[in-house]
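Below: one structure, written as structure tokens.
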Amino acid sequence: MSLTAMETPAAWTAASLAADPGWTCSLGEQARRGLAQAVLRARDPEKPLLSYRRADFELGAAMEPLAAAFNEAKHGRGIALVRGLPRDMLDAAEFELLTWAIGLHAGVPRPQGKASQYMSAVRDAGTTYRSAGGRGYSSNAELDFHTDSADVVLLTCFNRAKAGGRSMVTSSTAAHNRLLMQRPDLAEALHEPFYFSRQAEQADDESPFYPNPIFDTCEGRLFSKWNRNRLSTAQRLEGVPALTPHQLEATDMLDSILRQPDLMYDMDLQPGDMQILNNHVMLHSRTHFEDHEEPSRKRLLFRLWIAPPDSVRLPESWLPAYRSIEPGTVRGGIVGQAYDAARRAFDGRQAADIGMRFVC
Ligand SMILES: [Fe+2]
């Protein structure tokens, strides 16, 4: 295998990202008001999220900065931060609908877990992150660096924690470059398949685990997919090969590189912030948090996973996880165990609205 360093805009360091804030933007007053009005006009408290259409939301002056932010995440530095969503003009349910409206304009939202839910409230619901069926987003634990299971993830912040809950992002391309420079043998090991647990959320046609290399290339691009928690829990499943000492050394070194201060960018999301990440080139993490006592002040973010219309081809080795590697297709997500006719109809309708191919 001959691996070479990749110099792309996504191969940033903490210093270079901080030096050029072109990946961040703050919405102006007109855009903020327009978004709030779009949501309040369209909102019907009786209507499920899946029944809304893209055309129900006229995003107005916010359209352009939002599209630029998604573009930066998808094709530029892999990360974007939009500040100033109208958190102060909306309650939590309305803010959730605003997140959904933005998602409907960005692509086809994907299901995210066992319940095949398309929207996840990121809050401490008492989940044990390290358990066989554990998920980080519903716990208050410090999370390992990982990728989410879709092309793009967006996270909007309604309330921050009393303490902690900081968000960390590292470029997987920059991490790969460093590993390649220091230990090319370990970088090469990460291009071989590893086995990840589906955390007992698999659909009927899926196995409890799947193979995926941590890095792979396709059409000259480097892709990364990593989740230590799912790698560890897979080791307890029947049929999963035991990790070799060399593989363990490679993953340990990757994790240590991801936390090197010159590569890791650390941010504290404020109410009204939206973070957008391209999971193929960014790895993210979060610190443990302590919550407020009052329910209305507890940490609350909304998370969407998106298949965008202008996605690129994925490596063949991504097929078990994404179910399609073709560019511009409805792919990724965690199909889960409640993917029914209504969800399938939503996927088809939304794909058609946005001009994407949906093969069920
Ligand atoms: Fe995540």
Next item on the list: State which residue is farthest from the chain's Cα centre (by Cα) when the search covers only the stretch 191-206 and only residues that are small (Gly, Ala, Ser) and within 14 Å of ARG236 (Cα to Cα).
Entry: ALA200
Next item on the list: List every residue pair whose Cβ atoms lie under 6 Å apart, where the two residues are 6 or more positions apart in sequence or sit on different chains, the first residue falls within the stretch 136-149 and is under 15 Å from SER120 (Cβ atoms) and open to solvent by less than 20 Å² (accessible area, probe 1.4 Å), and the second residue, located anywhere, is within 7 Å of the ligand (Cβ to nearest atom) and small (Gly, Ala, Ser).
Entry: LEU143/GLY136
Next item on the list: Find the strands (runs of 3 or more DSSP E) located wholly in the stretch 62-180 whose residues include 2 or more that are within 14 Å of the ligand (Cβ to nearest atom), and list them.
Entry: 120-122, 143-146, 152-159, 167-171
Item checked: Among (1) under 30 Å from ALA67 (Cβ atoms); (2) away from the ligand (no atom under 16 Å from the Cβ); (3) open to solvent by 10 Å² or more (accessible area, probe 1.4 Å) - the single one PRO208 does not satisfy -> (1)
Check: Pairs under 6 Å by beta carbon, first residue closer than 20 Å to GLN112 by Cα in the stretch 176-201, partner open to solvent by less than 30 Å² (accessible area, probe 1.4 Å) and part of a helix (DSSP H, G or I), six or more apart or different chains?
Finding: TYR195/ALA234; PHE196/ARG230; PHE196/LEU231; PHE196/ALA234; SER197/ARG230; SER197/THR233; SER197/ALA234
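Check GLN350, GLN337 and return the single one that is more than 24 Å from ILE214 (Cβ to Cβ) and touching an Asp or Glu at 6+ places or on another chain (Cβ under 9 Å). Don't jump to the end; show me each part of the working.
Details: GLN350 fails: touching an Asp or Glu at 6+ places or on another chain (Cβ under 9 Å).
Testing whether each residue is more than 24 Å from ILE214 (Cβ to Cβ) and touching an Asp or Glu at 6+ places or on another chain (Cβ under 9 Å) leaves just GLN337.
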Item checked: Residue match in the stretch 61-78 (condition: touching a residue at least 12 places away in the same chain (Cβ under 8 Å), open to solvent by less than 10 Å² (accessible area, probe 1.4 Å) and of a type in the set (Phe, Trp, Tyr)) -> no
Next item on the list: Might you let me know whether the stretch 184-194 holds any residue that is open to solvent by less than 20 Å² (accessible area, probe 1.4 Å) and within 20 Å of ARG135 (Cβ to Cβ)?
Entry: yes
Notebook entry, point to check: When you go through ILE306, ILE325 one by one, which is the residue that is open to solvent by less than 20 Å² (accessible area, probe 1.4 Å), within 20 Å of LEU66 (Cβ to Cβ) and either within 16 Å of the ligand (Cβ to nearest atom) or not in a strand (DSSP E or B) (or both)?
Noted result: ILE306
Check: Which of the residues belonging to the stretch 224-258 are closer than 18 Å to VAL169 by Cα, over 21 Å from the mean Cα position of the chain (by Cα) and among the aliphatic types (A, V, I, L, M)?
Finding: MET253
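Just give me the residues in the stretch 346-360 being out of contact with any Gly (no Cβ under 8 Å at 6 or more places or on another chain) and either over 18 Å from ARG323 (Cα atoms) or touching a residue at least 60 places away in the same chain (Cβ under 8 Å) (or both), in sequence order. Walk me through how you get there before you give the answer.
Our first condition is that a residue be out of contact with any Gly (no Cβ under 8 Å at 6 or more places or on another chain); within the stretch 346-360, this holds for 346-353, 355, 359.
Listed by number, the residues that qualify are PHE346, ASP347, ARG349, GLN350, ALA351, ALA352, ASP353, GLY355.
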Check: What about ALA31, is it in a helix (DSSP H, G or I), over 22 Å from the mean Cα position of the chain (by Cα) and more than 29 Å from GLU219 (Cβ to Cβ)?
Finding: yes
Next item on the list: Give the residue that is farthest from THR329 (Cα to Cα), with candidates limited to residues of the stretch 89-123 that are more than 18 Å from the chain's Cα centre (by Cα) and of a type in the set (Asp, Glu).
Entry: ASP91
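Checking the conditions here, which among HIS292, HIS246 is surrounded by fewer than 17 Cβ atoms within 10 Å (Cβ to Cβ), farther than 23 Å from ALA132 by Cβ and at pLDDT below 95? Let's see the steps before the verdict.
Details: HIS246 fails: at pLDDT below 95.
Exactly one residue qualifies, and that residue is HIS292.
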Margin query: I'm told LYS47 meets every condition in (1) farther than 22 Å from ASN279 by Cα; (2) of a type in the set (D, E, K, R); (3) part of a helix (DSSP H, G or I) except one. Can you identify the failing condition by its number?
Written below: (3)
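The values are calculated or read from the model by the stated rules, or taken from the named source; none is laboratory data. All values derive from a computational prediction rather than experimental measurement. Backbone-built Cβ (ideal geometry, glycine too); neighbour counts: all protein chains shown. The accessibility values were calculated without ligands, DNA or RNA, using every heavy atom of the protein model including side chains. Shrake-Rupley method; radii C 1.70, N 1.55, O 1.52, S 1.80 Å.
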